[in-house]
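The values are calculated or read from the model by the stated rules, or taken from the named source; none is laboratory data. What you see is a predicted model; the values in this text were computed from it and never measured. Cβ placement follows ideal geometry from the backbone for every residue including glycine, while neighbour counts extend to all protein chains displayed.
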Amino acid sequence: MAPKAKTVYVCSSCGFESPRWGGKCPSCGEWNTLSEEVRAPQRAAASGSAAGRAADVRSLRDIHPEGEQRTRTGLSELDRVLGGGIVRGALMLIGGDPGIGKSTLLLQICEHVGREMSILYVSGEESQRQIKLRADRLGVQSDSLSVLCETDMETVIGAMQGHRPDLLILDSIQTMCLADISSSPGSVTQVRECTAAVMRAAKAADIPVFIVGHVNKDGAIAGPKVMEHIVDCVLYFEGDPHTSYRMLRCVKNRYGATNEIGVFEMRDRGLAEVENPSMMLLSGRPVNVSGTCVACVMEGTRPVLSEIQALATKTSFPSPRRTASGFDYNRMYLLLAVLEKRAGYAFYNQDVYINIIGGLKLDETACDLPVCIALASSLLDLPVDEKTIAIGEVGLGGEVRSVTHLETRLREAQRVGFDTAIVPKHNLKMIDPSQFPGLKLVGVSYLREAINAIKLK
C-alpha cells in the first residue's frame, strides 16, 4: 500500500516542525506562527553504491582556483557592503520592508553591470510593462537586460539554463513555487526549497544571483532561518519610510567583512549614494540644547558619527516611563543604574527617553559613555559643547573601559571638525596624541570624571 501524505505544522518564524498545532511555537516562543502543510511521501532511496553518483573528492593541494573575480556594481556603497563587488557564483539575499527600495537598487545596478554582463531579471510581482516603466524612470537602458515574469521555479531554472546569463535577479523568493510541493507560495517549505533549487542551479552554472526577500513584522526575512544559512551573503535594507535615507547592512558575507553598511538617499530618479554618512547624520543638530552627545560607532570597517539624544523629565506616574529608539532597552536600564549608584544622579522620578538620530541602531559598548553624558546633560539641563565627542564603555563600577579602533574613530571625529574627545584613559597609553593636531584628548577613568570634564556640575 502506498504511503499516505502527512500533515505537519511549520513555524513561519524559525522553521520548527510539529506534528500538532499549538498557539505558541515550542522553539522560538512566537505566538500564532504555526501553519499547516501537507507533505507528500518521499520515495525510498535505492540501495547500494549505484544509488548515488560518484563523489568528486580532491586534495586541497590539488585545487587551483582562478583569481577572485569581482564585478563592480557601479554603486560604491553597495560594493563596500559586498566586499568589493559581485563574486562569480555567489548567492546574495537582500531583505527589507515593502517600498524600502530593494527592487529599485537592483534595477539601478543593471545599468552599470549590463555593460559587461548579460542579466536576467525574474519578477513574480510585476509585469514586463511595469518593469519597463520603472526602468525608464530610473534611466536604465541596458541592452543586456532581459526580463522574465514567472512564478514557477522550474520554469525560471530552465530559462536560466537556456539563456545562460552572467547575473540572475530573482524578485522575490516569496512569490516562487515548486509544482511538486503542495503548500502555497510564500510558505516556509516553498521558500526553503525554492532557495535550495536556485542555489544548486546557480552554483552548477557559476552564476551570481540576487534574491529579494520580504521581511516579517519583526524585521527578519520571512521564511525559515535555514534560508540565510544557504546563501553566501545576507543584506538588510533599512530605513524609516517617512525619511529619504536608506541603509544597506551586511550581516553575513562569505567573501568579505560583515556588519558593513552603505548609505543611500531615495530621490525622484532612484537611490543616490551618500559618501559622507557622518555629516548626513549630524546635519541639523540643535545648538545649546541639553541632552545631546555625539558617539562614534564602527560599522564594519567604517567609523560613523551619530547623535544621541536623551530626555529626562519629571514623571507624574508612580512608575517612570522608559523608552529607547535605536538603543538596547536593557542596556539603557543598566546605564541608568550606574548613573544613580556611582555618579549620584537620580532618575527614579524621571521619565527617560533615548533616541538615535538617523535610524541607526547602536549596539556597540563604545556608545555607553555618550549615552550617560546625554542623560546627565538632560537631567541637569546643561548643554554639551557641540564640538565635543565621547567614546568609551561604562562598567558596573562606574569605570570607563577601553574600546577598539580608537585611532580610527578619532580620525573621523577630527575630519568632521570636532575639537575635544573624551576617551578612556587606558586607551591613551596605546596611541600617540600628536597624530591628532587640533583635537584635545581628555582621558577619564570613571564616569564622574567624564561628566565633570564637560562642565556638568
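Here is how the numbers come out for the structure above:
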{"item": "Residue list for region 71-111, filter: in contact with an Asp or Glu (Cβ under 6 Å, 6 or more places away or on another chain) and under 20 Å from ALA205 (Cβ atoms)", "result": "GLY85, ARG88, GLY89, ALA90, LEU91"}
{"item": "Evaluation of MET332 against (1) touching a strand residue (DSSP E or B) at 6+ places or on another chain (Cβ under 9 Å); (2) farther than 17 Å from LYS361 by Cα; (3) not in a strand (DSSP E or B) (one fails), failing number", "result": "(2)"}
{"item": "Some residue of region 139-159 being surrounded by fewer than 19 Cβ atoms within 10 Å (Cβ to Cβ), in contact (Cβ under 8 Å) with a residue 60 or more places away in the chain and touching an Asp or Glu at 6+ places or on another chain (Cβ under 8 Å)", "result": "yes"}
{"item": "Answer from LEU428, LEU382 - the residue that is farther than 21 Å from PHE327 by Cβ, without any contact (Cβ under 8 Å) to a residue 40 or more places away in the chain and of a type outside the set (D, E, K, R)", "result": "LEU428"}
{"item": "Count of residues meeting criterion [part of a loop (DSSP other than H, G, I, E, B), on the phi < 0 side of the Ramachandran plot and of a type outside the set (S, T, N, Q)] in region 72-103", "result": "7"}
{"item": "Unique match (being at positive phi, modelled with pLDDT under 95 and of a type outside the set (A, V, I, L, M)) among GLY284, GLY262", "result": "GLY284"}
{"item": "Number of the exception - GLY29 against (1) in a loop (DSSP other than H, G, I, E, B); (2) at pLDDT 85 or above; (3) surrounded by 10 or more Cβ atoms within 10 Å (Cβ to Cβ); (4) not hydroxyl-bearing (Ser, Thr, Tyr)", "result": "(2)"}
{"item": "Residue among GLU412, GLU386 that alone is of a type in the set (Asp, Glu) and in a helix (DSSP H, G or I)", "result": "GLU412"}
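Matching residues to (1) without any contact (Cβ under 8 Å) to a residue 24 or more places away in the chain; (2) over 17 Å from THR258 (Cα atoms); (3) buried (at least 17 other Cβ atoms within 10 Å of the Cβ):
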| residue | (1), (2), (3) |
| --- | --- |
| LEU78 | no, no, yes |
| GLY84 | no, no, no |
| ARG88 | no, yes, no |
| MET92 | no, no, yes |
| THR104 | no, yes, yes |
